[in-house]
Structure formats: C-alpha cells, structure tokens
Amino acid sequence: MPSPTPSVSSAPPAQGEPPLSARQAERRRRILRAATALAARGGYEAVQMREVAESAQVALGTLYRYFPSKVHLLVAVMLEQLQELQEHIRRHPPTDLEPAPRVADALTRAFHALQREPLLAEAMVRAMCFADRSVGTEVDLVSAATGQLILDAIGQSGPPSEGQRAAVRVIEHTWHSALVAWLSGRASIAEVRADLHTAARLLALP
C-alpha cells in the first residue's frame, strides 16, 4: 500500500499444488508489480490482462495460468499489500496498552496507506466486490490476512479467546465496509476513522 510498485513476495501455492520454483516465483512477482503499477495509475479499468502481460514480460497465456482473471489478479495484489502492512505493523507495533486503541491505530494506519493510493485501493476493493466462488480461496486468504493484522495489533502472547475472535470478525467486516463507503463517496475520512474506533472497542467487551 505504501507505494505503487512494492517489493512483492511470492505467496504460497494453493493447497495441493507444488511449490513455485524460483523462476516461477520471480515471474509471479513481476506480474503482481505490473498489475499494482497499472492500478495505481488508472484504477480497476486500467488493469488489462494484455497490458499486465506486456509490462511483466510474460506471455498472455502464462499470465492466465497464474491468474485466471483480472479479479483473481487484483485480489492477489490486495493480499500482498496486506502482508506488507502486516510486516510494517510487526516492525512498528502500536504503543497503547489497551487492545482496542492498538487495533484502531493499526487499521487507521492501513487506511492512510490506502488513502495515499486511492486508485489502487479502488481497484483492489472492486475486485473483492466482484469476486465470485471461483475466487473463494483467494478471498479467504485476504480475510485471514486482515484478521491476522488485527490480532497482531492486539499484541497478546496467547491465542485469542472466542469473544476476541468474534470481535475480530466484526472489526474486519467494518473495515471492508468502511473502505467501500469511502471509495464510493458515501463516508468521509473522519467517519471511517470513527467507525474503526467504534468497532475496535468491541475488544473491550466481556
């Protein structure tokens, strides 16, 4: 999220598939970098598969073997961006002693990162909204990464309680809904921040 051409790590292959070779992982990184750059410049519509292939210097057929559609590709971009943000939060964790403001701080930082690249944010969120069952595995990975970001922000040593897990799910849903509302012009930045802080306070409930 911090930049339109991040250093993208190779995601693990889908369950049951062999791991990527070094050459395949590098090819995948080039594809994700190309898609990210195109989205950052022009949003969802700017990400055309042929242009992604040309920018990444791969054959169009090769691109489709990695990502069957533009939606698959942009959901993968969102996953990589969330993983980068996770690493940033782990290196620079929130400093508040209570879990609710820690989570609100982390999600606010994530929102500010998206705010700096609104066209990229629009492309990724639209892909999430358009995703059907064929993209279910990728969407689940994005959801898991968002939930893990929240759990990392809590900063506790042991596993979360059932109540915390339920709160994390609600916070995650609030986070994605707030992004959609902001991108569509239905919510201001101040309203997004307020919603994130309100949702985070669920962690303080018994």
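The values are calculated or read from the model by the stated rules, or taken from the named source; none is laboratory data. These numbers were taken from a predicted model, which means no experiment stands behind them. Here the Cβ positions follow ideal geometry from the backbone for every residue, glycine too, while neighbour counts run over all protein chains shown. For the accessible areas, the whole protein counts, side chains as well, though only heavy atoms, and no ligand, DNA or RNA atoms are used. Shrake-Rupley method; radii C 1.70, N 1.55, O 1.52, S 1.80 Å.
Results, tabulated for the structure shown:
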item	result
The chain: calculated mean residue ellipticity at 222 nm from DSSP helix runs of at least 4, using -39500 (n - 2.57)	-23000 deg cm²/dmol
Where labels lie 7 Å past Cα in the beta-carbon direction, separation of Ser184 and Arg169 in nm	2.3
Calculated FRET efficiency for the pair Thr198/Gln24, C-beta based, R₀ 41 Å, to 0.05	0.40
With every protein chain in place, the chain: carbon and sulfur % of accessible area (1.4 Å)	53
Computed P(r) (all Cα pairs; segment 136-197; 10 Å bins; percent)	21, 45, 30, 5
Per residue, the convex hull volume that the Cα atoms of the chain enclose (Å³)	128
Separation of the Glu162 and Thr95 label points, Cα + 7 Å toward Cβ, nm	3.8
Probe 1.4 Å, accessible area per residue of the chain, Å²	51
